[in-house]
Each structure stands twice: as structure tokens, then as C-alpha cells.
Amino acid sequence: MGDNVTAKAVFGWRYVVRPALRNRLVLCGMGIVLLLVVLAAFASTIAPYDPTEMKVMDALKGPSSAHWFGTDRYGRDVLSRTIHGSRIALGVALSSMSGAFLVGSALGLIAGFFGGWSDLAIGRVMDVLFSFPTLVLAVAISAMLGPGLNNAVVAIAVVYAPLFCRVARGPVM
């Protein structure tokens with residue numbers, strides 16, 4: 001009866017990272033993401049050809065040892081264009097998710113901390129954003145803002161901000 005039992009809090013990265021590193025699917029996904037980041041970072045060095053160089057004589061060639069993904073109708077190497085394009089794709093993903101995190105977390109913290117009418121107003125706006133399919137809402141926002149990469153980033157950030165808002169609001173209340 002005199003035994004003292006102490007509970008140890010389970011916090012820290014090791015309780016998340018260790019099980020994740022044992023999962024082959026997680027390791028495969030991490031490898032793909034790491035490969036994309038390395039390709040984007042060293043695109044100028046890795047890409048076999050200049051992505052904007054046109055060689056009309058090599059137009060629409062199929063995959064070969066010289067052009068692994070083939071060439072487009074202007075004779076540009078598709079592999080080089082894909083590698084250089086990964087920079088833009090990763091930049092859009094990183095900036096849109098960062099924006100969604102910042103805006104959504106800030107709104108969630110405000111709603112949870114102050115409560116009352118601010119919680120009600122922010123909650124209703126987030127419910128409206130949740131009621132639309134993600135892709136449809138992103139296309140509608142992008143159409144309203146007009147063409148451009150920055151407008152696409154804003155549209156994606158607006159669509160995903162409610163997810164971060166919900167996650168941030170819960171613990172604050």
C-alpha cells in the first residue's frame with residue numbers, strides 16, 4: 001500500500017518520430033519529398049539541358065537516352081523543364097501552407113481566447129468555407145482574383161486556413 005507510483009508525461013519528438021521511421025510507407029514518402037527538395041535546390045546542376053532552349057529539329061521526340069522524358073513541340077527537354085518546374089511547385093506549396101497556417105492559427109487563437117461574438121463570427125465564416133468542396137472554392141477564389149501565381153497562393157491559403165483555425169481554437173478554449 002505504501003508504493004508510490006509516478007506517471008511520466010509522454011512528450012517529445014521521439015514518441016512521434018520513432019514509430020514513423022519504422023513505417024515503410026512513411027519512409028517512402030519522406031524519400032520522395034526529400035528527392036523533390038534536392039532536385040529543386042540543385043535544378044541548375046542536375047538538369048541535363050537548359051529548360052528554355054529550343055531545338056526545333058528535336059521536336060516531339062520520344063523518350064531516349066539523350067532525352068529521358070522526350071521533348072515537347074519546340075524541342076525543349078521535358079525532364080529539364082520538370083526539374084526546374086519543381087522549384088515553382090514547392091514554392092507555391094510552402095508559401096500557401098505557411099499563409100494558411102499563419103492566418104488560420106491567428107484566427108483560431110483569437111476565436112478561442114476572446115470567445116463571445118468573435119468566436120461566433122470566426123466560427124461561422126470557417127463553417128461557410130468548410131461547406132464548399134476544396135477544389136471548387138480554390139478555383140472560384142482564383143477566378144475572382146484573376147490569373148497569376150500569387151493569386152493561386154492566396155486561393156490555396158484561404159481554402160486551407162479553416163483547418164488550422166479549428167486545430168488552434170480547440171486547445172485555447
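Just so you know, all these numbers are worked out from the coordinates, no wet-lab data involved. None of these values were measured; they are calculated from a predicted model. Methodologically, a virtual Cβ is constructed for each residue, glycine included, from the backbone with ideal geometry; neighbour enumeration extends over all protein chains shown.
Quick rundown of the values:
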read-out	value
Taking the C-alpha atoms of the chain, convex hull volume expressed per residue in Å³	204
Size descriptor, Kirkwood hydrodynamic radius, that averages inverse alpha-carbon separations across segment 51-95, Å	10.9
Cα centroid separation - segment 52-86 against segment 134-159, whole Å	30
Cα principal axis extents for segment 118-173, largest first, Å	39, 18, 18
Nearest-ten-degree value, helix 24-41 long axis tilted from longest Cα axis of the chain	60
Shape category assigned to segment 13-115 from the gyration tensor of Cα positions, a/c cut at 1.5	oblate
Fewest-first sequence of Lys61, Lys55 by Cβ atoms within 10 Å of each Cβ	Lys55, Lys61
Estimated translational D of segment 78-154 in µm²/s (Stokes, Kirkwood radius over Cα pairs; 37 °C; 0.692 mPa s)	225
Exposure proxy ranking, count of Cβ atoms within 10 Å, fewest first, for Asp58, Asp50	Asp50, Asp58
